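**Student:** Sending over a structure as structure tokens; questions will come in a sec.
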Amino acid sequence: MKFNKGQILKNVGSSWFSLGVNVVVGIFLSPFILHRLGDDAFGLWILIFSVTGYYGLFDLGIRSSIVRYVAKYSATDEHEELNRLVNTAMFSYSGIGIVAMLITLIATYFVDSIFRIPAEFLVTARWLLFMVGISVSLGFPLGVFSGILEGLQRFYLLNFVNVSSTLLRAVLIVFALRHGGGLLTVAFITVSLPLLNGFVNAAAVFRHLRLRLGLQHVSRESLRRIASYSGTTFLIIVAGRLRFKTDALVIGTFMSAAAITYFTIGSRLVDYASELVSSLAQIFVPMSSQSHATGDLDALRKIFVVGNRACAFIIFPITAVLTVLGKSVIEAWVGPKYVATSYPVMLVLLYPMTLMLAQSASGRTLWGMAKHRTWAWVVLAEGASNLILSVILVRPYGIMGDAIGTAIPLACSMILFLPRHLCRLLGINLRTYLYRAFVFPLALSAPLVAALLLMQRWFVPHRLGPLLIQLLIAGLVYGTGLAWAFWTHRAWDVGQLGANQEDEVTLALVETYQEKV
């Protein structure tokens, strides 16, 4: 199967542009909101959004089914099946949205019994939870359309809408805070724009597809197909919440809202790196789904190895920069008082996250092949271990204990299971995979590390201007090496991945292992 390089570049380029806008806006907007609202109000903001983030569990994996089967049906020209899939997903999401609304009303009433919220913020907390919860509930049925666009590999349309929404949100929030607005005003702006995005995405879908909406198009067979695929994905969603969305809840329960702020500053930098890699890796789900639908095992192998190499090209230099310049980044971003506490948290989270992000194509390949059941149970066990360790360690070690509780299980699953599982599934030698996916990105990052350490000996930046100069120099050093790699075609040259694919015994073992998982 030949990949449309133009479409890939357009999707990835627009994703990175969208993410760049998000990061720049976040870098300047987060400290602006923090200093205008204060530590307690900002911590409450993080806490409520973390709570409503668990509404994502109600997705039940349906969105992943939409992406997977839209990609499959568009590749095989099954238009009627596609129409039934969309209607069935819309019907299911509408029911989920109603349930989420009811839970929001109950949680709003009992919010003071669940968390340690200062009395002066109690009314604000209730209204904040109500607004965010209702917005998320309405977003379920509207989210069908963004899933369709992903399945069609129209990421550039989604990114255009996201960029417009992000810029508008930033302008409105700054205007509101400068004219006396508070936490609830900022929340209203934040939760309203995603709903507007949903309507814009719907209009884009109807321009590309001739869909017929109505209850008569809801199909039991489509529902069973969605449930079969999404049931496994739901386990991964639950695990994802346990892995990365419990920190604020644990800290808010056992410590304070202000402590959440210090943890969030360190983790937010890692989140930005994660978003940059994820904006690339998202294209691998529909690509691998189409390759699997057409039976192209060689294309799946290339998506796996070349995709992870591309992710490593991104995350390795970011990890180097945050390690060496992390203190300066935090100081220039939100102020020096957060450095001593937030920088160690960032480091503890950064390295296991690097292991995960460098293998971002692995999980997407599993989803596209519908071979993600075993991985689902592994990450669920990891998520449960994360929560248990975080609760145990947060009391004696504070927010550092919570970070360590997240880091240990994540590192174990990324080192001990994921690479071995994918290599066996696709019939690739483990050493071959590790060498061809990661050695070259590591080598390209070596001059960058040397340049960063040398600049640190000359001067340590404490303000944004000098920091940007060092980042620019570091970017030029790494960019030169990366440009050479692309110019000489070494960036994507991974050689023959299935060297033994003609060996009947090897092929039989691969097929047997695929059937087991």
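**Student:** Any idea how many residues of segment 312-356 are of a type in the set (A, V, I, L, M, F, W, C) and free of Cβ contacts under 8 Å to residues at least 12 places away in the same chain?
**Tutor:** 1
**Student:** Being polar (S, T, N, Q), crowded, with 19+ Cβ neighbours inside 10 Å, over 22 Å from Ser135 (Cα atoms) and within 26 Å of the chain's Cα centre (by Cα) is true for just one of Thr264, Thr253, Thr246. Which residue is that?
**Tutor:** Within the list Thr264, Thr253, Thr246, the selection yields Thr264.
**Student:** Would you be able to tell me the number of residues in segment 295-319 that are acidic (Asp, Glu) and in a helix (DSSP H, G or I)?
**Tutor:** Residues meeting the conditions: 1.
**Student:** How about segment 459-517: which of its residues are within 30 Å of Leu430 (Cβ to Cβ) and at pLDDT 85 or above?
**Tutor:** Of everything in segment 459-517, those that are within 30 Å of Leu430 (Cβ to Cβ) and at pLDDT 85 or above turn out to be Tyr478, Gly481, Leu482, Trp484.
**Student:** So Val132 ticks every box in (1) among the hydrophobic types (A, V, I, L, M, F, W, C); (2) open to solvent by less than 40 Å² (accessible area, probe 1.4 Å); (3) farther than 27 Å from Leu29 by Cα but one. Which box is left unticked?
**Tutor:** Failed condition: (3).
**Student:** Would you be able to tell me the number of residues in segment 357-380 that are farther than 19 Å from Ser291 by Cβ, in contact (Cβ under 8 Å) with a residue 60 or more places away in the chain and part of a helix (DSSP H, G or I)?
**Tutor:** 7
**Student:** Any residue at all in segment 331-338 that is outside any helix (DSSP H, G or I) and under 19 Å from the mean Cα position of the chain (by Cα)?
**Tutor:** There is no residue in segment 331-338 that is outside any helix (DSSP H, G or I) and under 19 Å from the mean Cα position of the chain (by Cα).
**Student:** Test each condition in (1) open to solvent by 60 Å² or more (accessible area, probe 1.4 Å); (2) closer than 27 Å to Arg126 by Cβ; (3) of a type in the set (Val, Ile, Thr) for Ile173 and report the one that comes out false.
**Tutor:** Every condition holds for Ile173 apart from (1).
**Student:** Something else about it: Mind telling me which of the residues Phe145, Phe175 ends up being touching a residue at least 24 places away in the same chain (Cβ under 8 Å), assigned to a helix (DSSP H, G or I) and either in contact with a Leu (Cβ under 8 Å, 6 or more places away or on another chain) or hydrophobic (A, V, I, L, M, F, W, C) (or both)?
**Tutor:** Only one candidate qualifies: Phe145.
**Student:** Of all residues in segment 183-198, which are open to solvent by 20 Å² or more (accessible area, probe 1.4 Å) and within 21 Å of the chain's Cα centre (by Cα)?
**Tutor:** Selection gives Thr190, Pro194, Leu195, Asn197.
**Student:** If I ask for residues that are of a type in the set (A, V, I, L, M), open to solvent by less than 70 Å² (accessible area, probe 1.4 Å) and under 28 Å from Ser362 (Cβ atoms), which ones from segment 435-463 would you list?
**Tutor:** Once the filter is applied, which keeps residues that are of a type in the set (A, V, I, L, M), open to solvent by less than 70 Å² (accessible area, probe 1.4 Å) and under 28 Å from Ser362 (Cβ atoms), segment 435-463 yields Ala437, Val439, Ala443, Leu444, Ala446, Leu448, Val449.
The values are calculated or read from the model by the stated rules, or taken from the named source; none is laboratory data. The structure displayed is predicted, hence computed values, not measured ones. When we count neighbours, we look across all protein chains shown, and the Cβ atoms used for this are built from the backbone with ideal geometry, even at glycine. When the accessible area is computed, the model is the full protein with side chains, heavy atoms only, and any ligands, DNA or RNA have been set aside. Shrake-Rupley method; radii C 1.70, N 1.55, O 1.52, S 1.80 Å.
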